[in-house]
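Please read the structure below before turning to the comments.
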Amino acid sequence: MNQDLLKQKAADKALEMIEDGITLGVGSGSTVLKFVAALGKSSLQFKDVVSSSEETTAALKAAGYQVRDLNACDAVDVYVDGCDEIDGNKYMIKGGGAALTREKIVAAAAKKFICIADESKAVDVLGRFPLPVEVIPMARSLVGRALLALGGEPRWREGVVTDNGNWIIDVHHLRISDPYALEAEINNIAGVVTNGIFARQAADVLILSRANGEIDVQ
Ligand code: 5RP
């Protein structure tokens, strides 16, 4: 089964878990876009829908949903998003699509985070996927040197500007044995907006689409 189909199956499974009338948060990335397309074919109506990126907002609008500013909503009942890596504690690396900061904000506002992923995203230890870090542009070199001192190999994702007007540094060759500690340590570097370790905003539910066609809900 190809990866596209696996992503579709995870997205379809998530749709089964969504109830009418809730406030729904929607993440970013290709798996989530499949979820949004499936939403558009459903008859589900929501109290509010909030989005974590401009791309997702456009897709939600095309699917017939109005998107609210998070500031205008109370709590988000359920947040559905993908990931770049996820470990056994449901800690994740996110930000491959450069939407990590808004994703972390909506995840923090959510009562329940459902992560949808294909089996290639499941790892024992986070860090094979380069860790995205969103930085204020003037701090790029400063933050890069600090990330180098942490043992990673920082590379500027040149040409990419986030929805917040900032830049992304991808940190290669990190073995993230303590995601909770490293998330805080990197966020403490002056000039970092946030980093793509989601330990404090770990998923509550993982829908993992396996190559043999099975869907694991953990
Ligand atoms: C975007 C993200 C995405 O969730 C992550 O990159 C997964 O994307 P895809 O579903 O395309 O594999 O964090 O910032």
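General observations
- Just one of the listed residues (GLU158, GLU153, GLU185) is free of Cβ contacts under 8 Å to residues at least 12 places away in the same chain, open to solvent by 50 Å² or more (accessible area, probe 1.4 Å) and more than 29 Å from MET17 (Cβ to Cβ), and it is GLU158.
- Residue ID - nearest to GLU103 (Cα to Cα), chosen from residues in the range 190-208 that are open to solvent by 30 Å² or more (accessible area, probe 1.4 Å) and out of contact with any Phe, Trp or Tyr (no Cβ under 8 Å at 6 or more places or on another chain): VAL193
- Among the candidates ASP74, ASP20, ASP48, ASP4, residue that is among the acidic types (Asp, Glu), within 14 Å of the ligand (Cβ to nearest atom) and out of contact with any Pro (no Cβ under 7 Å at 6 or more places or on another chain): ASP4
- Within the range 137-173, considering residues that are among the basic types (Lys, Arg) and in contact with an Asp or Glu (Cβ under 8 Å, 6 or more places away or on another chain), the one farthest from LEU126 (Cα to Cα): ARG157
- The combined condition, being open to solvent by 50 Å² or more (accessible area, probe 1.4 Å) and assigned by TED's automatic domain parsing to the domain that holds ASN166, is fulfilled by ARG140.
- Sole exception among (1) closer than 19 Å to GLY29 by Cα; (2) more than 13 Å from the ligand (Cβ to nearest atom); (3) crowded, with 18+ Cβ neighbours inside 10 Å; (4) not polar (S, T, N, Q) for ALA108, by number: (3)
- First in the range 28-57 and closer than 17 Å to LYS104 by Cβ, second anywhere and part of a helix (DSSP H, G or I) and more than 12 Å from the ligand (Cβ to nearest atom), Cβ under 6 Å, 6 or more apart: VAL50/LEU70; SER51/THR57; SER51/LEU60
- Among residues of the range 64-76 that are assigned by TED's automatic domain parsing to the domain that holds LEU39, those with a Cβ under 8 angstrom from a residue that is in a loop (DSSP other than H, G, I, E, B), sequence gap 6+ or separate chain, pair up as TYR65/PHE46.
- Checklist (1) closer than 27 Å to ILE18 by Cβ; (2) open to solvent by 20 Å² or more (accessible area, probe 1.4 Å) applied to TYR79, failing item: (2)
- Meeting the requirement of 3 or more residues that are over 12 Å from the mean Cα position of the chain (by Cα), the strands (runs of 3 or more DSSP E) wholly within the range 23-141 are 48-51, 76-81, 110-118, 131-135.
The values are calculated or read from the model by the stated rules, or taken from the named source; none is laboratory data. Since the structure is predicted, the reported quantities are computational estimates derived from the model, not experimental observations. In this analysis, Cβ positions are derived from the backbone assuming ideal geometry, glycine residues included, and neighbour counts consider all displayed protein chains. Side chains included, ligands, DNA and RNA excluded: accessible areas come from the protein's heavy atoms. Shrake-Rupley method; radii C 1.70, N 1.55, O 1.52, S 1.80 Å.
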